[in-house]
């Protein structure tokens, strides 16, 4: 993402261009209309917001906001043409969740929890899965806030967080299902 920003980000009028900033001979156009395939700026905005939530980088979220703001007049005129960009906007302003999953010795329990996640509609969710035996220190170099989380007694351990405020960790699929259902019931 840093490479993409360095080479394709338009610092003057915001958004990502088709050609590299260094290439002065090409016309730098920007794509934002979401047809059957989402536009590059819509995908970039979604990637920026997801990465900002995973690694807690406010600069990424700020750039996603700038993309949406830059094209807001177009969106207001024809919202149907910007559905993926509006999904990124919903991720920014709506409820969002972070799930931190430490795989335990019981891999089957981890897989059951992953099945629960896959079977629930959580469009504004990021998942960080830390494999069995993986040292938290190495991951904490990239995602510093993870140093505060750990597996409990080598069991599969799940933290369900809402905008980085985490509920008490759970170590089995039944308790995790209950947490997920509590989120769903609030929205109805």
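Coordinate-derived values only; no laboratory data. Predicted model only: the values in this text are computed from it and were never measured.
Using only Cα atoms, find the angle between the long axis of helix 83-93 and the longest principal axis of the chain, and express it within 0 to 90 degrees, rounded to the nearest 10.
60 degrees
Count the DSSP beta bridges whose two residues both fall in the chain, then state the antiparallel fraction as a percent rounded to the nearest 5.
The antiparallel fraction comes to roughly 60 percent.
So in the range 58-166, what percent of DSSP beta bridges are antiparallel if you round to the nearest 5?
Of all bridge pairs located within the range 58-166, approximately 55 percent are antiparallel.
In deg cm²/dmol and to the nearest 500, what is the mean residue ellipticity at 222 nm of the chain if only DSSP H runs of at least 4 residues count, each as -39500 (n - 2.57), divided by the residue total?
It comes out at -14000 deg cm²/dmol, rounded to the nearest 500.
Rounding to the nearest 10 and keeping the result within 0 to 90°, find how far the Cα-based axis of helix 107-118 lies from the longest principal axis of the chain.
Relative to the chain, helix 107-118 is tipped by roughly 40 degrees.
Using alpha-carbon pairs under 8 Å, 6+ residues apart, how would you state the relative contact order of the chain in percent?
18 percent.
When the Cα centres of the range 57-93 and the range 144-161 are compared, how far apart do they sit, in Å?
32 Å
For the range 2-93, what's the relative contact order in percent, using C-alpha pairs closer than 8 Å and at least 6 residues apart?
Across the range 2-93, relative contact order equals 26 percent.
Compute the helix-to-body angle for 58-70: its Cα long axis versus the longest principal axis of the chain, expressed 0 to 90° and rounded to tens.
Roughly 40 degrees, rounded to the nearest 10.
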